[in-house]
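J.: Please find one structure pasted underneath; my questions will follow.
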Amino acid sequence: MKKTKPLAILALGVALSTGLAACGGSSKSTSSGGGGGAGYGAAIDNVIDVSSTKGGTLRLADSDDFDSPDPGNTYYAWVQNFDRLYSRSLTTFKPAAGKDSLTVVPDLAEQLGTSPDGGKTWTFKIRKGVKYDDGTVVTSKDVKYAVERSNFSDELQLGPKYFKTFLVDNKPAYKGPYKDKSPQGLKSIETPDDNTIVFHLNQKFADFNYLVQMSETAPVPQAKDTGLKYANSIVSSGPYKIDSYSQGKSMTLSRNPNWDPATDPIRKALPDRIELQLKQNADDIDNRLLSGALDMDITGVGVQSGTQGKVLGDTARKKNADNPIQGFLRFMSINVHVKPFDNVHCRMAVQYATDKVAAQAAYGGPIAGGDIATTMIPPTVNGYRKFDLYPSGADGHGDLAKAKQELAACGQPNGFSTKLTARSDRPKEVAEAQGIQQGLAKVGIKTEIKTFPAGDYFNKYVGAPKYVHDNGIGLMLMAWAADWPTGFGFLQQIVDGRAIKPSGGNNLSEENNPAINAAFDAGIGNTDDAARTKAWGDIDEMVMKDAVNVPLIYAKAVLYRPPNVKNVGITFGYGGMYDYLNMGVK
């Protein structure tokens, strides 16, 4: 597979220490001086059209809806990118482009966390003077409460549960703030004063400064928390407050009058107002981007197939486009509890029969779609190791002879029937499902395609094991980017058995191999960088031997930035979309 310049640069960016201190690095910026059009691919490595001019309205659109706008109950990469406008986690990814955007920097915390014992105890100091939009002061107790509600409640299930896995638990087990009304709460998070928070882990965790950039550490005042209803009354700790949110329709933001730039060295807060329209037709979003009626497609998945030619084939438009290798992996999960996929040979038959070229074509081919994938860890993530356990034949359309051998081995020589899911509001993903359907049919594996809206895809459907089992859904399409750019940050939530949840889960295959679970613990507790890197590659191979996920594409996309938009750069911290933190308008 041909490696492009962006990939080579990213490879350098992730070959960094993910231990007890984050790496430094200066961000680059350029200005075209003409309001956009800095050149094709210019925003991949640089922040372009740099501006500090305040004012105007930033107009955004999404083809579906949030999983949840609540920072403690979300997992979509675009939401975690966007919610930094109204919430502040302890750390965050540096507002930069290219390799610099993989650097984690202090946000609500004054500096990165420190550990006196090699990664088992972590202390952070909260910046003084940070205020919510109602004028009250943010304290360390609000951060503790945010972690408690997001990780230890039955109500909030959409986000990851890293803290629940790695914090020392109470005895008896902590039941979360909605059930446990004791003032102490979770004993392993201490707040000795209003500006200090201490985390006590059950083992060493070398990536902890990366973990706390997850929006689950964005502070929530306990008195203002209303559980699932909090999504409609979020208290802002960032430069913008939410004026209105109508589920499935729109969200509007305006300035937080109590935000003090002296307490926030990374945000510029340029627009006066931010408007986000939801449930918009994907093709219509593209047309409005090209006409200048819209500033950004917030999901960051690129323009639709029908629009790609209009952008790449037009000299004027192409100079406003970027084609990054995004750090996403597009893959298909095989649920091990849906027959006949409880048999590894039936899963291996799917591995061999899948037409990966058809999946690639659905996204626009090698340029707009990406490179054919053979591993779970993408080349842009620390821990990647090149291997291919299930070669797809000389032409990439699948090895049908091998697939038939595996069907015979699993007792299904004539094939079988199952269901395959995709997100209904993502036309390219639906086309991907259709291409895979046709390929599997060649060996007698018949698939019925079921589509669901992106906003509910993981919450109600593929991320809810009971629904999957009850409805016989064996195959599920998804895309995944690293929570942070290490093999642990990429793999743990999608293949560790402890990440399986009753809803909102991302381990769609329900992989629960004790050897893999133990390898995660050993790897993340190792303070040797090279040993951790090797551990993630080893886990990747273990997962592929279990044949529970079919890697399809190391994703690329054609992203379009209208000339009206300022401070534009690709953030690889959020999977290779534009960084919304300091975006402004002409």
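J.: Could you please tell me which pairs satisfy a Cβ distance under 9 Å, a separation of 6+ or placement on different chains, a first residue in the stretch 186-199 that is farther than 13 Å from THR121 by Cα, and a second residue that is open to solvent by less than 30 Å² (accessible area, probe 1.4 Å) and among the acidic types (Asp, Glu)?
T.: LEU186/GLU148
J.: If ALA43 satisfies all but one of (1) over 16 Å from the mean Cα position of the chain (by Cα); (2) part of a loop (DSSP other than H, G, I, E, B), what's the number of the condition it fails?
T.: Checking ALA43 against (1) over 16 Å from the mean Cα position of the chain (by Cα); (2) part of a loop (DSSP other than H, G, I, E, B), the one that fails is (2).
J.: Working only within the stretch 282-293, note down all residues that are surrounded by fewer than 22 Cβ atoms within 10 Å (Cβ to Cβ) and either of a type in the set (Ser, Thr, Tyr) or closer than 19 Å to GLY584 by Cα (or both).
T.: Answer for the stretch 282-293, where residues must be surrounded by fewer than 22 Cβ atoms within 10 Å (Cβ to Cβ) and either of a type in the set (Ser, Thr, Tyr) or closer than 19 Å to GLY584 by Cα (or both): ARG288, LEU290, SER291, GLY292, ALA293.
J.: Then there's this: How many residues does the stretch 377-389 contain that are crowded, with 24+ Cβ neighbours inside 10 Å and closer than 14 Å to LYS356 by Cβ?
T.: Summing the residues that are crowded, with 24+ Cβ neighbours inside 10 Å and closer than 14 Å to LYS356 by Cβ in the stretch 377-389 gives 0.
J.: Determine whether PRO271 is of a type outside the set (A, V, I, L, M), touching a helix residue (DSSP H, G or I) at 6+ places or on another chain (Cβ under 8 Å) and closer than 23 Å to VAL130 by Cβ.
T.: No; evaluated as a whole, the condition is false for this residue.
J.: Identify, from the list GLN203, GLN247, the residue that is open to solvent by 70 Å² or more (accessible area, probe 1.4 Å) and among the polar types (S, T, N, Q).
T.: On the way: GLN203 fails: open to solvent by 70 Å² or more (accessible area, probe 1.4 Å).
After applying the criteria, what remains is GLN247.
J.: Residue under question is ALA173, and the condition is that it be over 15 Å from LEU90 (Cβ atoms) and out of contact with any helix residue (DSSP H, G or I) (no Cβ under 7 Å at 6 or more places or on another chain); does it hold?
T.: So ALA173 fits the description; yes.
J.: Within the stretch 424-458, count every residue that is of a type outside the set (Gly, Ala, Ser) and assigned to a helix (DSSP H, G or I).
T.: Within the stretch 424-458, residues that are of a type outside the set (Gly, Ala, Ser) and assigned to a helix (DSSP H, G or I) number 13.
J.: What helices (runs of 4 or more DSSP H) completely inside the stretch 314-422 contain at least 3 residues that are small (Gly, Ala, Ser)?
T.: Counting at least 3 such residues, we get 356-362, 400-409.
J.: Can you report the number of residues in the stretch 181-194 which are surrounded by fewer than 18 Cβ atoms within 10 Å (Cβ to Cβ) and modelled with pLDDT of 95 or more?
T.: Number satisfying all stated conditions: 5.
J.: If ILE553 passes every condition in (1) under 26 Å from LYS356 (Cβ atoms); (2) over 21 Å from the mean Cα position of the chain (by Cα) but one, which one does it miss?
T.: All conditions are met except number (2).
J.: Of these, ASP62, ASP107, which one is out of contact with any Gly (no Cβ under 8 Å at 6 or more places or on another chain), farther than 22 Å from LEU290 by Cα, at pLDDT 95 or above and among the charged types (D, E, K, R)?
T.: Details: ASP62 fails: farther than 22 Å from LEU290 by Cα.
When all the criteria are applied, what remains is ASP107.
J.: Give me the pairs: first residue in the stretch 559-573 and small (Gly, Ala, Ser), second residue open to solvent by 20 Å² or more (accessible area, probe 1.4 Å), beta-carbon distance under 7 Å, and six or more apart or on different chains, which are they?
T.: What qualifies is GLY569/ASN46; GLY569/VAL47.
J.: Now for a separate question. Give the residues of the stretch 57-71 that are closer than 27 Å to LYS141 by Cα and surrounded by fewer than 24 Cβ atoms within 10 Å (Cβ to Cβ), sorted by residue number.
T.: Passing the criteria: ASP67, PRO69.
J.: I would also like to ask the following. Output the number of residues of the stretch 250-279 satisfying the condition of being acidic (Asp, Glu) and open to solvent by 70 Å² or more (accessible area, probe 1.4 Å). If you could, list the steps in order and put the result at the bottom.
T.: Pass one, the stretch 250-279, residues acidic (Asp, Glu): 260, 264, 272, 275.
Among the residues that remain, those that are also open to solvent by 70 Å² or more (accessible area, probe 1.4 Å) are: 272.
Residues that pass the stated criteria total 1.
J.: Right, next: Tell me, yes or no, whether the stretch 474-484 has at least one residue that is open to solvent by less than 10 Å² (accessible area, probe 1.4 Å) and within 19 Å of PHE166 (Cα to Cα).
T.: yes
J.: How many residues, within the stretch 162-180, are assigned to a loop (DSSP other than H, G, I, E, B), open to solvent by less than 20 Å² (accessible area, probe 1.4 Å) and touching a residue at least 40 places away in the same chain (Cβ under 8 Å)?
T.: The total comes to 1.
J.: Considering (1) in contact with a strand residue (DSSP E or B) (Cβ under 9 Å, 6 or more places away or on another chain); (2) more than 15 Å from SER215 (Cβ to Cβ), say which one THR91 fails and leave the rest.
T.: (2)
J.: To continue, here is another question. Name the residues in the stretch 532-566 that are in a loop (DSSP other than H, G, I, E, B) and either among the charged types (D, E, K, R) or open to solvent by less than 10 Å² (accessible area, probe 1.4 Å) (or both), would you?
T.: Of everything in the stretch 532-566, those that are in a loop (DSSP other than H, G, I, E, B) and either among the charged types (D, E, K, R) or open to solvent by less than 10 Å² (accessible area, probe 1.4 Å) (or both) turn out to be ALA547, VAL548, ALA557, VAL558, ARG561, PRO562.
J.: Let me ask something additional. Residues being over 26 Å from LYS419 (Cβ atoms) and of a type in the set (Ser, Thr, Tyr): count how many of those fall in the stretch 488-531.
T.: Residues flagged as over 26 Å from LYS419 (Cβ atoms) and of a type in the set (Ser, Thr, Tyr) within the stretch 488-531 amount to 1.
J.: Further question on the same structure: Is one or more of the residues making up the stretch 44-52 surrounded by fewer than 24 Cβ atoms within 10 Å (Cβ to Cβ), at pLDDT 95 or above and either within 21 Å of ASN232 (Cβ to Cβ) or among the aromatic types (Phe, Trp, Tyr) (or both)?
T.: no
J.: Now for a different question. Of the residues in the stretch 294-313, how many are buried (at least 19 other Cβ atoms within 10 Å of the Cβ) and part of a helix (DSSP H, G or I)?
T.: 4
J.: If we scan the stretch 422-445, do we find a residue that is touching a Ser or Thr at 6+ places or on another chain (Cβ under 8 Å), among the hydroxyl-bearing types (Ser, Thr, Tyr), in contact (Cβ under 8 Å) with a residue 12 or more places away in the chain and within 27 Å of THR375 (Cβ to Cβ)?
T.: Looking for residues that are touching a Ser or Thr at 6+ places or on another chain (Cβ under 8 Å), among the hydroxyl-bearing types (Ser, Thr, Tyr), in contact (Cβ under 8 Å) with a residue 12 or more places away in the chain and within 27 Å of THR375 (Cβ to Cβ), one finds none in the stretch 422-445, hence no.
J.: Another one. If you go through the stretch 46-71, how many residues are of a type in the set (D, E, K, R), under 25 Å from ARG423 (Cβ atoms) and not in a strand (DSSP E or B)?
T.: Result for the stretch 46-71: 5.
The values are calculated or read from the model by the stated rules, or taken from the named source; none is laboratory data. The structure presented is a predicted model; accordingly, all values stated were derived computationally and were not measured. Here the Cβ is made from the backbone with ideal geometry for all residues, glycine too, and neighbour counts use every protein chain on show. For accessibility, only protein heavy atoms count, side chains too; no ligands or nucleic acids. Shrake-Rupley method; radii C 1.70, N 1.55, O 1.52, S 1.80 Å.
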